[in-house]
Amino acid sequence: MKNKISISILLLILVISGSSCGKPEPQPTIEVSETNGSKLEATQPVLQQGPCDNIFYPLALDNQWIYRLQIEGEDGQPEISELGLTVSEVNQSNAILAALDYDTGIVTQSTAECKDGAILNFPMTEMNLVFGDVSGDLQLKYNSGVFMPSQTDFEMKNWTNTWETDFTASGVINGSFDNETVTIDLSDSSVKMSWQVTERDVAIQVPAGNFNDVVLIKRTLTFEVSSLKTILEGEVIDISTTLILTSNMWYSPFTGLLKQEIDSATIRLYGINFPIGSIGKIELKSSNTIK
C-alpha cells in the first residue's frame, strides 16, 4: 500500500511540474552541441540586454538544452528519458519555450514571464515527466513573487538570497499506473515555493561536462491538494493533503540548470508528515547557449 500511495503522489508531482500550456506540434529538428563547463571559465560571458536575460535561465532566442531524466521504476531499475528545451521566441516581457519529449515526439509550448533580468513565472518544464497515462485540464496561475532573481539582485545581496513564488492551481487530472486509476481534483489550490542559496563555487560533473562555478539552490515546494482519489487494494481512498517537496538545484551562470535532485518528499496528513519514496534526478546532457 505504501508503494501505491507513493505512485499517486508522484503522479501529482509530475503532472503539476509539467503543466506547460500549448498544443502538440510537429517534431522539430533540434541540433545541440556539447557545452563543457571548463570552457566557461576561459571567457566570462556577457548576457544580451533584455528582460529575459537571466543569469540562471538565459532565455535568449534559439538557446537550447537537452536534459536526461531518471526515475526509479517499480522493479528498482532506473527509467531514462530525455527532454529538449528551445527558446523559440523572445518578446519584451516573456519568452516562449518549446519542450520536446523524445519518447513521444510531442512538442508543447509554454511562456516564461520576465522583468529586468528576473524570471517571474517559469513553466518548470525541466520536470515534465510522465508517470502512466495522464489526461485532464490543469491551470497553474502565477500570483506573486519571483521564480529566479536577476544577476543584479544576487550581487546586491552578496549571494545570500532567499525568496518565494506563489501560484494557484485548478483543474482535474486523471491518470493511471499499473492498472490503478488516480483522480486529482484541484480547486484554487495553493502552490508555494521557497528558495535559498546554500552554496557557491561548487564543482560538479554532469553528462554535459565538468563545471566549477556552480551555485547550489534549495527549493521547497508546498502544494495543497483539495482531493486525491484512488483505489488501493479495492478500496476507494479520497483525501485532502499537503505535499512538501524539497529539491537541490545546481546552476551554472549563463548556462542554466545543470542538475536537479529530490532531497525529500513528504505528505502531510492530520498534521503529521509522512515520507514518500525518492523520485529521481534531472541532469543536463548538452546545451547550446548564446553568450
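Structure summary
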{"quantity": "Residue-span extension gain [Glu164 to Phe274] - 0.36 nm each, minus C-alpha spacing", "calculated": "37.2 nm"}
{"quantity": "Violating pairs (Cα-Cα greater than 21 angstrom) within the set Lys229/Lys259; Lys141/Lys229; Lys157/Lys218; Lys259/Lys285; Lys141/Lys285; Lys192/Lys285", "calculated": "Lys229/Lys259; Lys141/Lys229; Lys141/Lys285; Lys192/Lys285"}
{"quantity": "Hull volume in cubic angstrom per residue (convex hull over the Cα atoms of the stretch 54-124)", "calculated": "95"}
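Every read-out reported here was derived from the displayed coordinates using simple, explicitly stated rules and does not represent laboratory data. Not measured: the values here are computed from a predicted model.
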